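*Asks:* One structure, pasted below without further comment.
The values are calculated or read from the model by the stated rules, or taken from the named source; none is laboratory data. As the structure is a prediction and not an experimental result, all values here were calculated from the model. Don't worry about glycine lacking a Cβ; one is built from the backbone with ideal geometry, like all the others, and counts go over all protein chains shown.
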């Protein structure tokens, strides 16, 4: 609105003042390493433009509830993509559990854009199932506002569309046309922004302090080997299901793989990114009655990790009424003890499911009946 450059040193110092209470001093070794600079593509401003004339406190309050709403709406969309049809009571309970999870609560307070772009991904996938490919491509373009989070999922969609280019060309044309419009519009309000954005991304590697989940769980050399292996596994899944109709259950596996691989491989441990696990958990839930013993065991362990977060958080909340905050502080991090294990277990469960069952192939275009569905669909 004021024609300022969000990638500039001046704006970075203002962000630091809001985040740390004062600008960081690069000469002070005691200052935090994380610069908290703006590292988004500039067209992200179009998503928040409707709020610019509101008081900041009002905009923040609206955005908090908008993010929770985005998480809530993404759950039935992912279930629709997976072909999981639930009774309304079960569906509402699933939504309630999703918005009360630790990643959702952290998203509510930190107001990151993760929930918003993940809603775009879920809506794009649902649109593809409905064969609304132009809308799907447009939503995928909007999701690139956080390219590190959504990049692999977008890549899968483009590979899937290229596999049957005559039938799915509308998605590709819509995506690249929408991207061109976003880039040009951003250039109009901030000339030559692309170079500054790429420089900000390049500089981020110097102060991004988080390892990946693989880096946190494994030695560095083993984490690198695992990352390469996961990339190969993701490409193998994409190739295997590239012909899958969007309204087949096979279509959901590459989506789930892209989400889970992103989560364990990107150098970011922020809990709000674990909202990416929703499509993977939905796919495991759909297959729970037909899975192999190993994949069932791993899936149960993953859901147990998520259950631990809810149960311990409830116990702490109840305990806060009778126990002082000082005494509770020593156990306040109990819900987070499974935070790193959850994505790894989900990925292992999906690997056991996909690679141990050669019968999982692209279907004929309709959702196959599954015992998992029959147990939750009302007669």
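*Asks:* With the condition kept exactly as written, say whether any residue in the range 110-127 is part of a helix (DSSP H, G or I) and modelled with pLDDT under 90.
*Replies:* yes
*Asks:* Inside the range 184-206, can you point out the residues that are touching a helix residue (DSSP H, G or I) at 6+ places or on another chain (Cβ under 7 Å) and in contact (Cβ under 8 Å) with a residue 40 or more places away in the chain? Let's see the steps before the verdict.
*Replies:* Residues of the range 184-206 touching a helix residue (DSSP H, G or I) at 6+ places or on another chain (Cβ under 7 Å): 185-187, 190, 193, 197.
Correct list: 185, 186, 190, 193, 197.
*Asks:* Given the structure, is residue 42 modelled with pLDDT under 95 and more than 30 Å from residue 205 (Cβ to Cβ)? Please lay out each step first, then the result.
*Replies:* Values: modelled with pLDDT under 95: yes; more than 30 Å from residue 205 (Cβ to Cβ): no.
The answer is no for residue 42.
*Asks:* OK, next. Pick from the range 131-164 the residues that are part of a loop (DSSP other than H, G, I, E, B) and touching a residue at least 60 places away in the same chain (Cβ under 8 Å): which of them is surrounded by the most Cβ atoms within 10 Å (Cβ to Cβ)?
*Replies:* Of the residues in the range 131-164, the ones part of a loop (DSSP other than H, G, I, E, B) are 131-132, 144-146, 164.
With the extra rule that they be touching a residue at least 60 places away in the same chain (Cβ under 8 Å), the set shrinks to 131, 144-146, 164.
Values: 131: 15, 144: 20, 145: 22, 146: 20, 164: 13.
The extreme case among them is 145.
*Asks:* Quick one: is residue 90 at pLDDT 90 or above and assigned to a helix (DSSP H, G or I)?
*Replies:* In short, no.
*Asks:* Here is a follow-up. Taking the range 26-55 as the region of interest, how many residues are over 18 Å from residue 186 (Cα atoms) and surrounded by 10 or more Cβ atoms within 10 Å (Cβ to Cβ)?
*Replies:* Looking only at that region, the number is 8.
*Asks:* Keeping to the range 165-180, report how many residues are touching a residue at least 40 places away in the same chain (Cβ under 8 Å) and more than 26 Å from residue 278 (Cβ to Cβ).
*Replies:* Of all residues in the range 165-180, those touching a residue at least 40 places away in the same chain (Cβ under 8 Å) come to 171, 174, 177-178.
In the following step, the residues that additionally are more than 26 Å from residue 278 (Cβ to Cβ) were identified as 177.
The number of residues fulfilling the criteria is 1.
*Asks:* If I ask for residues that are over 25 Å from the mean Cα position of the chain (by Cα), outside any loop (DSSP other than H, G, I, E, B) and closer than 19 Å to residue 193 by Cβ, which ones from the range 1-46 would you list?
*Replies:* Scanning the range 1-46 gives 9, 10, 11, 12, 14.
*Asks:* Which is at pLDDT below 95 and more than 25 Å from residue 19 (Cβ to Cβ), of 135, 97?
*Replies:* Sole residue among the options that is at pLDDT below 95 and more than 25 Å from residue 19 (Cβ to Cβ): 97.
*Asks:* Please report, ordered by residue number, the helices (runs of 4 or more DSSP H) entirely within the range 257-343 with at least 2 residues that are buried (at least 17 other Cβ atoms within 10 Å of the Cβ). So that I can check it myself, show each step before the final result.
*Replies:* On the way: elements: 277-286, 293-319, 325-328.
Qualifying helices (runs of 4 or more DSSP H): 277-286, 293-319.
*Asks:* I've got another one for you. Take the residues in the range 207-251 that are free of Cβ contacts under 8 Å to residues at least 40 places away in the same chain and assigned to a loop (DSSP other than H, G, I, E, B), then tell me which one is farthest from residue 130 (Cα to Cα).
*Replies:* The selected residue is 219.
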